[in-house]
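Structure first, commentary second.
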Amino acid sequence: MEPGCKACDVAPTSERLAQLVTYLNKLDPLPDVALVTGDITHDGTAAQAEQAKHLLDSLKMPYHVVPGNHDDRSTLGKIFLGQTCPSQNAEFLHYVIEDYDIRLIGLDSTNPGAPGGKICQTRAAWLEERLNEASEKPTILFMHHPPVKFGVLETDEDGFEGSDLLGELVERFPNIERVLCGHIHLTAHTQWRGTVVSTAPSAGGMRLALDLTLKKSSGFHLANPEFQLHYRTSNGGLVTHQVEVSENDKLYLF
């Protein structure tokens, strides 16, 4: 949100994001890269995207963004043009990052005018080409929408058009170690098509109110900003930690 404004008139998302950036910059070791899985804005405006970029540019590590359903694809592409969103595609904001031991593929799962996700034939064909380029290199896909149901309205009712299309590709490439997503404002994990789909919590402090009955209207709790930290172990494993950014960060020894 713009400085001084609150998402849904409640959540000070800019302040929460600034708090998270400060926390990330103090980590030792510093993360190699930060992946921002969409909903960078609340209303898709250029002013909100500019504010987010201003805050994210303070990160001491490279970062990359993909659009969410609250973002405007065209606006995001213009404001984050360059290394943070190095898409060369005129239609979709998707790209590959080859700078690390793990290959990173950012996918544009947005479906303008709809809250749910979509992978169409065009996007699937692009992804297949990219996966064939390095079919044995460990790879992470990151996008906004989870392509599988998590027992929340945002996945089960919003839906994901082309989930099977994407799933068939993922099944063919066992080097895909994670599919990292956002959208549901909660950390959750599930096995899917031979890999793990993992959703990130809210960097802006809007934690989804979990209702597995799917009968209540979707809502959120105000919370501290959170993020996922993905750690490559010495034996090649990929471990995911959930980290809460708290003002009371006093350490107590056992």
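What follows draws every value from the coordinates through simple rules; no lab data is involved. What you are looking at is a predicted structure, and each value in this text was computed from that prediction instead of being measured. Every residue, glycine among them, receives a Cβ derived from its backbone with ideal geometry; neighbour counts consider all protein chains shown.
Below, the figures for the structure above:
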item: Loop-located GluC sites (Glu not before Pro) in the range 141-182 whose Cβ has at most 15 other Cβ within 10 Å (DSSP); result: Glu157
item: Computed lengthening from Asp211 to Lys26, 0.36 nm per intervening residue step minus Cα-Cα distance; result: 63.1 nm
item: Stokes-Einstein D for the range 126-254, Kirkwood Rh over Cα pairs, 10 °C, 1.306 mPa s (µm²/s); result: 97 µm²/s
item: Per-residue [θ]222 nm for the chain (sum of -39500 (n - 2.57) over DSSP H runs n ≥ 4, rounded to 500); result: -6500 deg cm²/dmol
item: Subset of Lys118/Lys216; Lys78/Lys118; Lys53/Lys118; Lys6/Lys118; Lys149/Lys216 violating a 27 Å alpha-carbon distance limit; result: Lys6/Lys118
item: Three-way shape call for the range 73-142 based on the alpha-carbon gyration tensor, with the a/c threshold at 1.5; result: oblate
item: Sites matching GluC sites (Glu not before Pro) across the range 215-252 that sit in DSSP coil, with at most 12 neighbouring C-beta atoms within 10 Å; result: Glu247
item: Euclidean distance of C-alpha centroids, the range 204-246 and the range 37-104, integer Å; result: 20 Å
item: Approximate spin-label separation Gln88-Asp57, in nm, with each point projected 7 Å along Cα-to-Cβ; result: 2.6 nm
item: Alpha-carbon Rg with Dmax, taken over the chain, Å; result: 17.4, 55
item: Contour excess over end-to-end distance, with Cα ends at Leu81 and Gln121 and 0.36 nm allotted per residue; result: 11.9 nm
item: Estimated translational D of the range 1-97 in µm²/s (Stokes, Kirkwood radius over Cα pairs; 37 °C; 0.692 mPa s); result: 238 µm²/s
item: The range 67-191 - convex hull of alpha carbons, volume per residue in Å³; result: 109 Å³
item: Charge tally in the Cβ shell below 13 Å around Pro12, where Lys, Arg are +1 and Asp, Glu are -1, Pro12 excluded; result: -1
item: Point-to-point label distance, Arg232-Asn175, nm (Cα→Cβ direction, 7 Å offset); result: 1.3 nm
item: Cα-projected label distance for Tyr100 with Phe254, points at 7 Å along beta-carbon direction, nm; result: 2.8 nm
item: P(r), alpha carbons of the range 142-181 - 5 Å bins starting at zero, rounded %; result: 6, 22, 29, 26, 12, 4, 0
item: Straight-distance crosslink candidates among lysines, where the alpha carbon sits under 16 Å from Lys60 and sequence neighbours closer than 8 are dropped; result: Lys26
item: Listed residues Ala114, Ala18, Ala223, most fluctuating in the chain (Gaussian network, C-alpha, under 10 Å); result: Ala114
item: Projected-area average for the range 113-179 over all orientations - Cα convex hull basis, square nanometres; result: 4.6 nm²
